[in-house]
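The values are calculated or read from the model by the stated rules, or taken from the named source; none is laboratory data. All of these numbers come straight from a predicted model, not from anything done at the bench. Positions of Cβ are backbone-derived with ideal geometry, glycine not excepted, and every protein chain shown enters the neighbour counts. Heads up: the accessible areas ignore ligands, DNA and RNA and are worked out on the full protein's heavy atoms, side chains in. Shrake-Rupley method; radii C 1.70, N 1.55, O 1.52, S 1.80 Å.
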Amino acid sequence: MVTRTDAPTRREQILKEAARLFAERGFHGVGVDEIGAAVGISGPGLYRHFAGKDAMLAELLVGISGQLLTGARRRLAEADGETGPSAVLDSLIEGHIDFALDDRPLITLHDRELDRLRDSDRKLVRQLQRQYVELWVEVLRGVYPTLAEPAARSAVHSVFGLLNSTPHLGRPGSLPGRGATAVLLHRMARGAFEAAGEE
């Protein structure tokens, strides 16, 4: 989820290709030589950047959880009380849609390989994810004040499930354009939240 405009570093290139290959063939189906070849360096050359595949997987999964949380906090800070909670919720949805459309291999990787992380890394991923969810719950309850906290939390998890379904939406090229898909996902997310709020 690199948002800057300058060229990615070698380390970022390696992580991007590792995510793609791990998602396509599974963590154990990919060797360091293949990752190296994908970025134009020798397999052993990867060890100048990472201790091994396990370190790449940990950085990918911990990294994306941290980036989502940081991005959501930034969106809240930018709102700074000047926009209503509904606009803040829209901003959070937009940020997650960007992730869901641009980082699909990481969604697949998380679903398949999270249990391969060391306990400490897996706990860190879960901790970051809980903080991310609770941030959304707070914003959602600002939009729908009568929505009980457990119901709000369930709604947030459900919308994440909807948005994170992008790896299963079809082959590349079989979807409408990115913009149209983003609009559709946003409308569906808001519809789900409105349905929860009506209760």
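To keep it simple, each residue is scored yes or no on (1) open to solvent by less than 40 Å² (accessible area, probe 1.4 Å); (2) at pLDDT below 95.
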residue	(1), (2)
Glu149	no, no
Leu163	yes, no
Leu175	no, yes
Gly179	no, yes
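Screening Ala55 on (1) hydrophobic (A, V, I, L, M, F, W, C); (2) under 30 Å from Arg187 (Cβ atoms); (3) open to solvent by 30 Å² or more (accessible area, probe 1.4 Å); (4) out of contact with any Leu (no Cβ under 9 Å at 6 or more places or on another chain) shows it passes everything except condition (2). When residues in the stretch 117-158 are screened for being more than 18 Å from the chain's Cα centre (by Cα), farther than 15 Å from Gly63 by Cα and charged (D, E, K, R), 4 of them pass.
Scan the stretch 131-170 residue by residue and report those that are in a helix (DSSP H, G or I) and within 14 Å of Glu198 (Cβ to Cβ). Spell out the reasoning first.
Taking the stretch 131-170 first, the residues in a helix (DSSP H, G or I) are 131-143, 149-163, 166-168.
Selection gives Leu140, Val143, Ala151, Ala152, Ala155.
Answer yes or no as to whether Asp115 is open to solvent by 40 Å² or more (accessible area, probe 1.4 Å), in a helix (DSSP H, G or I) and more than 19 Å from Arg73 (Cβ to Cβ). Explain how you work it out, then say what you get.
Numbers: open to solvent by 40 Å² or more (accessible area, probe 1.4 Å): yes; in a helix (DSSP H, G or I): yes; more than 19 Å from Arg73 (Cβ to Cβ): yes.
So Asp115 fits the description; yes.
Filtering the stretch 23-62 to residues that are of a type in the set (S, T, N, Q) and in a helix (DSSP H, G or I) leaves nothing.
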